[in-house]
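The values are calculated or read from the model by the stated rules, or taken from the named source; none is laboratory data. On a predicted model such as this, the values are computed, not experimentally measured, just so you know. Here the Cβ is made from the backbone with ideal geometry for all residues, glycine too, and neighbour counts use every protein chain on show.
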């Protein structure tokens, strides 16, 4: 049996890097007042169709959608923002306090073509803020991303930012775009031809080469902003400048989802040479109302966890695995019973301990201790048990000392404390 194409196991030897990222993210977000939320993996399909946009590639081609036994259409979540917004509305969080800051870490599902760094079950770190219209929260989220990546050791970071406008100024931009595309319809792909009627802005996100060529010199949203959106974007830029966050205005950046308004951004790193996006986000002031809640400004981002870990691994940022404190080497059935009890007791005391219950020879067990990178080996054979004195062997210096069996835990605690175990 093999994993499904596009899905994978994250093995124990790789999990340390994942845990490092999770811990750094949780600590940073918590310090800034974000609280963890956990949302279902499966939602009603209509949630994503309404929020992401029916004309998007995600909804049209990539979602894992199926009918349950009652005929309801359900979908494995392709992203987190819609689900968190649904939770905000369903539990009437706005009635208690409309300003909420969340983060979540977990798997998403899209049926894309599998390739290096891209999977059909992939992981994201999300942060979302509800109830704050101020441009300073836009800057805070971009600053948080920049700070997290610095803490994780990434270099060459640049925030690519743009403003997509709002319902007030977007019609003027759409007209300018439609006028520009008027004599280029023949070279557009079928998807873009269809999108011209539903959502022309989506054409700017097309990856088909003929469409990208046709869009060279196209109008930019940032050049068609209303005064309110222009002021908002100016605050974002000036705040980032004051915080020394490296950014550039990218007029071609529109992101891939319909719900974005005003500020949109990607964080890219040149740590591996070519620019590579590791996170993106934006403002979605109309989404909560679209999903049945009150008018609520909102904004958030998602970090591509798989891609981030891949970059960090290539940069040698994976944490070194801590050595095992103690391996108990039992020789004989009586020793195994004791070894089991000691192992449980010592692990609870914070001394990482393993043993072996396979009844193997001393030579084989010493090899096992080496493989586990044990700092010490505790030898317990028939003679040691009879004399109630065990042998503790330092695997680095090869020195050996006797330890009284009756006060084993206390003596080991003293030894590891001297070794800065604490």
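Exactly one residue out of 95, 49, 31, 25 is in contact with a helix residue (DSSP H, G or I) (Cβ under 9 Å, 6 or more places away or on another chain) and without any contact (Cβ under 8 Å) to a residue 60 or more places away in the chain, and it is 49. Given the condition modelled with pLDDT under 95, exposed (fewer than 13 other Cβ atoms within 10 Å of the Cβ) and either under 19 Å from the mean Cα position of the chain (by Cα) or under 21 Å from residue 119 (Cα atoms) (or both), answer yes or no: does some residue in the stretch 36-59 qualify? Checked the stretch 36-59: no residue is modelled with pLDDT under 95, exposed (fewer than 13 other Cβ atoms within 10 Å of the Cβ) and either under 19 Å from the mean Cα position of the chain (by Cα) or under 21 Å from residue 119 (Cα atoms) (or both). The set of residues in the stretch 231-246 being modelled with pLDDT of 95 or more and surrounded by 15 or more Cβ atoms within 10 Å (Cβ to Cβ) consists of 232, 233, 235, 236, 237, 239, 240. Inspect all residues belonging to the stretch 345-357 and state whether any of them is buried (at least 20 other Cβ atoms within 10 Å of the Cβ) and without any contact (Cβ under 8 Å) to a residue 40 or more places away in the chain. So far as the stretch 345-357 goes, yes, one or more of its residues are buried (at least 20 other Cβ atoms within 10 Å of the Cβ) and without any contact (Cβ under 8 Å) to a residue 40 or more places away in the chain. Restricting attention to the stretch 323-335, the residues that are modelled with pLDDT of 85 or more and surrounded by fewer than 18 Cβ atoms within 10 Å (Cβ to Cβ) total 1. Within the stretch 321-332, is there a residue that is touching a helix residue (DSSP H, G or I) at 6+ places or on another chain (Cβ under 9 Å), on the phi > 0 side of the Ramachandran plot, in contact (Cβ under 8 Å) with a residue 40 or more places away in the chain and outside the structural domain of residue 284 (by TED's automatic domain parsing)? The answer is yes, given that some residue of the stretch 321-332 is touching a helix residue (DSSP H, G or I) at 6+ places or on another chain (Cβ under 9 Å), on the phi > 0 side of the Ramachandran plot, in contact (Cβ under 8 Å) with a residue 40 or more places away in the chain and outside the structural domain of residue 284 (by TED's automatic domain parsing). Listed by position, the strands (runs of 3 or more DSSP E) enclosed by the stretch 99-179 that each have at least 3 residues that are within 24 Å of residue 63 (Cβ to Cβ) are 100-109, 121-130. Selection of the stretch 376-394 for residues being touching a strand residue (DSSP E or B) at 6+ places or on another chain (Cβ under 7 Å), on the phi < 0 side of the Ramachandran plot and surrounded by fewer than 18 Cβ atoms within 10 Å (Cβ to Cβ) yields 389, 391, 394.
Take residue 192 and decide whether it is in contact with a helix residue (DSSP H, G or I) (Cβ under 8 Å, 6 or more places away or on another chain) and more than 30 Å from residue 32 (Cα to Cα).
yes
Every listed requirement among (1) free of Cβ contacts under 8 Å to residues at least 40 places away in the same chain; (2) farther than 30 Å from residue 114 by Cβ is met by residue 316 save one, (2).
Here are some residues: 279, 264, 302. Which one is surrounded by fewer than 23 Cβ atoms within 10 Å (Cβ to Cβ), within 19 Å of the chain's Cα centre (by Cα), outside any helix (DSSP H, G or I) and on the phi < 0 side of the Ramachandran plot?
On the way: 279 fails: surrounded by fewer than 23 Cβ atoms within 10 Å (Cβ to Cβ); 264 fails: surrounded by fewer than 23 Cβ atoms within 10 Å (Cβ to Cβ).
None of the other options fit; the residue is 302.
Kindly indicate which of 289, 251 is in contact with a strand residue (DSSP E or B) (Cβ under 7 Å, 6 or more places away or on another chain), surrounded by fewer than 19 Cβ atoms within 10 Å (Cβ to Cβ) and either at pLDDT 85 or above or not in a strand (DSSP E or B) (or both).
From the options 289, 251, the qualifying one is 251.
Scanning the stretch 179-203 for residues that are under 30 Å from residue 235 (Cβ atoms) and modelled with pLDDT of 80 or more yields a total of 2. The residue list 128, 79, 133, 140 contains one member that is within 24 Å of residue 30 (Cα to Cα) and at pLDDT below 95, which is 79. In summary, residue 26 fulfils each of the numbered conditions (1) at negative phi; (2) surrounded by 14 or more Cβ atoms within 10 Å (Cβ to Cβ); (3) at pLDDT below 95 with the single exception of condition (3).
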